Amino acid sequence: MPRLAATVLVLSLVLPWNAVLAARLELPDGQSVDLEVLQRQVVGPGCSGRLLGLKEHPFSEAQLSCDAFLSFALVQASLEGKAPPDVRERLKALLTDALGRARTPFRNTGSTQVAGYSLPRSVLYRGFLLLMLAGLERAGFSDEAHRTLFDALAAQTVEAFSKQPLLPSFGESIWPCDNALAASGLLLHGRLRGNEASRAAGERLAAHLVKLLESPGGFPTQVDAKGRILKKTPRGTVLAWSAAFLAMSGHPGASTFANVLLKDFCERVFPGAAACREWPRGVERAADAASGPIIGGYGQGATALAIAATRASEELAGWHTDLRTTAVLGGIQKHVSQPGKYPLETTLYVWASGLRSW
């Protein structure tokens, strides 16, 4: 299960995406995100491997996460005609960073040559990269080199999934939810590049993830290479993570995951506000690296990721609004108002606030 899910607690101020994204992203409450500062920080000094700079919240994948989420947000802005004029150059810089220093935390899964690059085999890394390349293609910014990499990475990912149903994120550890990124990436490659092998593999993978929702006890947190369940207790962050990424390709499984999340983990804590649990009702466990803080049984990571998960369907708009209200009450505005200091938190916020299927 990705530690990133826990860090999304800082998304707790997600607001509607209805402002012009240029040098600044203007928010409905009068605040704004300085994209010049944010881009310079992400591709320059980079994103701290500690959430909010705190040693008790390590996050080794921060750099790739910053690259990817800012990339996704810029693509969405471009599709809506709200991107800065140099959006192509911004996206290329983020991709270059993802292909470089952002690879380091994933190397314990081994590496493989893909279109001239030595890339990690991690399904989490592959998924992020596939989605970044899909964004370039969807926005009309791909060149021949991008398409060559996109096609080669998709082909190798399809081949890897032909050998086992789910792939590891780190070392040999397999979290099914991380495979949701690859599922959407392959579906988008199939659609955007007219590739039937990618489309079919993406459909099989997404269907497998949805099928796992029917596992005894619910969607498992961790499995082995043969698909045997190692950690069967379902978690709010895991369900929300899966829903949010399947939503990027518009797969109907996104709504399925989101509905299970809302039914089994989320509640309206008072009129107009909602929160989600990390652990199933009746299961009392402490917070960990994936959950973020747990207060009164409600997990900040699960609640924040649910804001992104409820973008899966217009039918979930009421939940989305109520979750966002809870988030705003958390006062996270102070973090996104300082993108140079909190680049990870800000890129996550911008992505989640504008998540749409491509």
Find how much the distance from residue 233 to residue 80 grows on full extension, using 0.36 nm per residue of separation minus their present alpha carbon separation; answer in nm with one decimal. 51.1 nm
Residue-normalised 222 nm signal for the chain, counting each DSSP H run of n ≥ 4 as -39,500 (n - 2.57), nearest 500 deg cm²/dmol, is -15500 deg cm²/dmol
Using R₀ = 25 Å, calculate the FRET efficiency as 1/(1 + (r/R₀)^6) where r is the Cβ-Cβ separation of residue 284 and residue 163; round to 0.05. 0.05
Could you run the Karplus curve 6.51 cos²θ - 1.76 cosθ + 1.60 with θ = phi - 60° over the range 58-63 and give me ³J(HN,Hα) per residue in whole Hz, x for Gly and Pro? x, 8, 5, 8, 4, 5
What net charge do the residues around residue 113 carry, taking every other residue with its C-beta under 15 Å from that of residue 113, with Lys and Arg at +1 and Asp and Glu at -1? +2
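Multiply the residue separation of residue 111 and residue 357 by 0.36 nm, subtract the distance between their alpha-carbon atoms, and state the gained length in nm to one decimal. Please list the in-between numbers first.
Working: separation 246, 0.36 × 246 = 88.56 nm, distance 2.99 nm.
Gain in length upon complete extension: 85.6 nm.
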Could you derive backbone 3J(HN,Hα) for the range 261-268 from the dihedral phi with the Karplus parameters 6.51, -1.76 and 1.60 (θ = phi - 60°), listing whole Hz in sequence and x where the residue is Gly or Pro? 4, 5, 5, 9, 10, 10, 8, 7
With each pseudo-label sitting 7 Å past Cα toward Cβ, what's the residue 263-residue 211 distance in nm, one decimal? 2.0
Stretchable slack from residue 50 to residue 23, in nm (0.36 nm times residue separation minus alpha-carbon distance): 7.0 nm
Which one, 215, 78, 48, has the greatest fluctuation when you compute a Gaussian network model over the chain with C-alpha springs under 10 angstrom? 215
In the chain, what cysteines have no partner Cβ closer than 4.7 Å? 177
Quick one: what are the phi-derived ³J(HN,Hα) couplings along the range 164-170, Karplus 6.51/-1.76/1.60 with θ = phi - 60°, whole Hz, x for glycine and proline? 7, x, 9, 10, x, 8, 9
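Counting only heavy atoms of protein chains, what accessible area per residue, in Å², does the range 188-266 have with a probe of 1.4 Å?
Working: 3160 Å² over 79 residues.
Per-residue accessible area for the range 188-266 comes out at 40 Å².
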As a test of reading the structure, rank 307, 295 by solvent-accessible area (1.4 Å probe, protein chains only), most first. 295, 307
Listed residues 184, 249, 142, most fluctuating in the chain (Gaussian network, C-alpha, under 10 Å): 142
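The values are calculated or read from the model by the stated rules, or taken from the named source; none is laboratory data. These numbers were taken from a predicted model, which means no experiment stands behind them. Positions of Cβ are generated from backbone atoms using ideal geometry, with glycine treated the same way; all protein chains shown enter the neighbour counts. All accessible areas refer to the heavy atoms of the entire protein, side chains included, with ligands and DNA or RNA removed. Shrake-Rupley method; radii C 1.70, N 1.55, O 1.52, S 1.80 Å.
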